[in-house]
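Here is the structure we will look at.
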Amino acid sequence: MLFSPGWRGRIRQGDVLAVFTLGLLLGGTLTGAGIWLLSGLTAPLPPAARTAGLLALAAVGVLRELGLVRVPLPQNARQIPPEVLARRARRGALRFGFELGTGLRTYVSATAPYVLALGLLLAGPGLVATLLAGAAFGLGRALSAGLALASRDPARAARVAARLPWIRNAAALTALAVLPLS
């Protein structure tokens, strides 16, 4: 559990959220840097081929989200051990956030982050744009933790959580639609 169950926690919950968010941003940015480095491998492809691949990838992603096609997503189905957060809350939150921010340590159930990562790989938009996309992925993951902490009403938290996949997918598909224009 990321946050203390009550007021008796030794460390303020806002502090834990801040360190967790920092970890998410660092992890997402590192992943963005890796994608940018790998995007050099697609540079020899003609722009028309990269654009066609990007559009095909986005179409498959939309079809998967709608449940019309089944495409297994890569995953690392291991849980981050509870001891990571239990021993040292700040250090554990930073590590937990970093591992979640990379997108490589846990299962990401939505198609959009994978489509966006592969789209960035194909489009090769540049270092700054790719780093910002990675940081945005980390920040998006921090959003759910921030909303959980901000909302003291469990019913409200559930309603917000139900909307997050739609927001995330819309943002990722918008980013993909803009990539061929850059």
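Miscellaneous remarks
- Here Leu41 sits with roughly 140 square angstrom of accessible surface, probe radius 1.4 Å.
- In Hz, Karplus ³J(HN,Hα) per residue of the stretch 106-115 (6.51, -1.76, 1.60; θ = phi - 60°; x = Gly, Pro): 10, 7, 10, 7, 8, 7, 3, x, 5, 5
- The stretch 13-181 - percent of accessible surface contributed by carbon and sulfur, probe 1.4 Å: 70 percent
- Divided by 2.2 N^0.38 Å, where N counts the residues, the Cα radius of gyration of the stretch 16-110 comes to 1.38.
- The residues of the stretch 13-181 expose on average 57 square angstrom of accessible surface per residue, using a 1.4 Å probe on protein heavy atoms.
The values are calculated or read from the model by the stated rules, or taken from the named source; none is laboratory data. Remember, it's a predicted structure, so these values are computed and weren't measured experimentally. Note: areas computed on protein heavy atoms with side chains; ligands, DNA, RNA excluded. Shrake-Rupley method; radii C 1.70, N 1.55, O 1.52, S 1.80 Å.
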